[in-house]
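Let me begin by presenting the structure, written as structure tokens, before commenting on it.
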Amino acid sequence: MKSDASALVSVIIPVCNVEKYLAQCLESVCSQTHRELEIICLNDGSKDGSLAILREFEARDPRVAVVDKPNEGYGATCNRGLDMARGEWVSIIEPDDWIDPVMYERMLARAAMVDGPVDIVKCPWIDVHDWDDPTTQYEQQCGLAHRLPNTASPVTLADLPIMVEQHPSIWSAIYRRDFLSGCGIRFIPYPGAGWADNPFLVESFCQAKAIMTFDEAFYHYRCDLPGATYNHEKDSAVARPFDRWCDMTDVLERLHVTDRGILEAHYMRGFNYIHGGIVEDGWENPIVQEGARRVFSRMDTEIVLGHPKLSPKRKRFYLEQMGITGRRVPVWPRVKHFASEAAFSVRTNGVGGLVRKVGGFVNGKLVSRRRAKENAKG
């Protein structure tokens with residue numbers, strides 16, 4: 001059965017202490033050109049003026065439904081929204097982000113292009129930097145820009161494993177509700193923000209049998225502020241990325257995922273999380289050291305050594321931490337990947353874009369940009 005371009009979309013917005021940006025988010029959802037929406041706003045125990053803003057939008061737009069409840073955390077709150085949803089499609093929006101007016105119209109049109117059910121429609125997004133000051137705020141294409149094809153027929157994650165390699169951007173997608181419920185896909189109810197989007201990303205994309213993608217960005221995502229995630233006060237915050245990577249590994253093992261491309265994408269996330277931990281909390285932190293070894297212990301050595309995107313330095317670091325000696329680190333896979341990336345950069349950004357990218361690597365400027373939003377919420 002073909003997807004209906006006029007179908008009802010259930011928009012789930014978990015809200016906790018975001019009064020400064022909430023009105024912009026809600027306005028962007030209510031202003032969608034696709035009008036068939038139910039907008040489920042879940043106030044997760046906010047202590048600021050968020051609830052008053054939600055009530056204001058509820059009073060003026062009958063599509064907005066507000067649920068005021070005690071604080072349960074991001075995952076449990078999203079699950080409450082999934083239980084309430086009635087639409088054919090589900091969308092999850094962060095309350096401090098915003099979306100372009102045509103987002104749902106374009107996504108539904110993409111799903112309606114093909115016969116048969118589509119499980120997920122996925123597209124890139126726009127990173128918003130330095131958003132704490134209007135005079136310095138700027139936007140930039142995300143890492144998935146120009147890497148997702150304009151599909152004419154559905155694909156699976158094995159065709160495009162890069163979808164789980166980068167940021168767990170569960171919000172730049174829509175999900176068929178019957179697919180989620182039929183596969184029993186829900187969020188793990190971690191306390192606070194908890195990075196519950198990580199396992200949800202892997203679970204949904206691994207189980208999807210029909211994914212449509214296209215190279216248009218509609219979602220504006222407020223990235224971490226520079227330095228905002230350094231030196232975490234709580235041990236749980238230091239350990240969180242390692243914990244979540246292992247939780248995602250549990251999902252892959254439960255689903256018996258053996259595709260090398262998917263595992264390589266997952267391993268890249270693991271290496272990036274380790275790098276982020278070292279940058280933000282220091283290698284001398286015993287939680288970072290333990291977390292890195294815990295992540296590495298669940299990786300296949302042959303996949304690590306043959307991984308085209310991992311630098312020789314990262315591979316040697318892996319061998320050192322695992323106490324593996326006598327193994328040669330191949331250079332050729334990395335050379336081929338670098339050549340491929342250079343060609344891609346020239347195609348998409350011109351020679352100047354390649355020069356800027358190489359300059360960033362040389363000067364060590366490409367460091368982790370993560371975690372502030374999640375940690376600010378708990």
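Residue order for H167, H146, fewest other beta carbons within 10 angstrom first, comes to H146, H167.
Where does each of D127, D100, D133 land when they are ranked from fewest to most other beta-carbon atoms within 10 angstrom? Don't skip to the answer; put the middle values down first.
Values: D127 22, D100 18, D133 8.
The order, fewest Cβ neighbours first, is D133, D100, D127.
Count Lys and Arg as plus one, Asp and Glu as minus one, and take only other residues whose Cβ is under 11 Å from that of L51; the net charge is then -3. Highest mobility in the GNM of the chain, judged by mean-square fluctuation with C-alpha springs under 10 Å and restricted to V29, V121, V257, is found for V257.
Of the options (1) 20.7, 69; (2) 22.0, 71; (3) 23.1, 83, only one is Rg and Dmax of the Cα atoms in Å as computed from these coordinates, and that is (1). With Cβ to Cβ distances under 13 Å as the rule, what net charge do the other residues near V66 carry (K, R +1; D, E -1)? Once positives and negatives cancel, what remains is -1.
Using DSSP loop states and a limit of at most 11 other Cβ atoms within 10 Å to flag GluC sites (Glu not before Pro), what is the longest stretch of the chain containing no flagged site? Intermediate results must be reported in sequence, preceding the final value.
On the way: sites that count: E233, E284.
By the stated rule (loop sites, at most 11 other Cβ atoms within 10 Å), 1-232.
Relative contact order (percent) for the chain, with alpha-carbon contacts under 8 angstrom and 6 or more residues of separation? Each step should come with its number before you reach the end.
Working: 661 pairs, mean separation 63.7, N = 378.
Computed over the chain, the figure is 17 percent.
If r is the Cβ-Cβ distance from D235 to N71 and R0 is 25 Å, what FRET efficiency results, to the nearest 0.05? Result of the calculation: an efficiency of 0.75. In this structure, the amide hydrogen of H34, modeled 1.01 Å from its nitrogen in the peptide plane, lies closer than 5 angstrom to those of Y104, E105, counting only residues at least 5 positions away or on a different chain. Here the residues K234, K309, ranked from fewest to most Cβ neighbours within 10 Å of their Cβ, fall in the order K234, K309. Estimated at 0.36 nm per residue, the fully extended path between S181 and Q289 surpasses their Cα-Cα distance by 35.1 nm.
Pairs of alpha-carbon atoms within less than 8 angstrom and 6+ residues apart define the contacts here; what relative contact order does the range 235-337 have, in percent? Mind dumping the intermediate values first?
Numbers: 77 pairs, mean separation 29.4, N = 103.
Contact order relative to length: 29 percent.
Distance between the modelled labels on K20 and R60, one decimal in nanometres: 2.3 nm (7 Å Cα→Cβ projection). Between G73 and G192, the built amide H atoms are under 5 Å apart, and every one of these is 5 or more places off in sequence or on another chain.
Using only Cα atoms, locate the centre of the range 105-158 and the centre of the range 1-26, then give the distance between them in Å, rounded to an integer. Between the Cα centre of the range 105-158 and that of the range 1-26, the gap is 16 Å. Contour minus end-to-end for R260 and S297, with contour as 0.36 nm per residue of separation and end-to-end as the Cα-Cα distance? Result for the pair: 11.6 nm of gain on full extension. Any idea what the relative contact order of the range 9-223 is, in percent, if you count C-alpha pairs under 8 Å spaced at least 6 apart? Result for the range 9-223 is 27 percent. Just checking the listed ones, C183, C41, C16: in the Gaussian network model of the chain with Cα springs under 10 Å, the one fluctuating most is C183. Rank A65, A111, A76 by mean-square fluctuation in a GNM of the chain with C-alpha springs under 10 angstrom and give only the top-ranked residue. Result: A65 has the largest fluctuation of those listed.
No value in this document is a laboratory result; all are computed from the given coordinates. These numbers come from a predicted model, not from an experiment. Cβ: placed from backbone, ideal geometry, glycine included. Neighbour counts: every protein chain shown.
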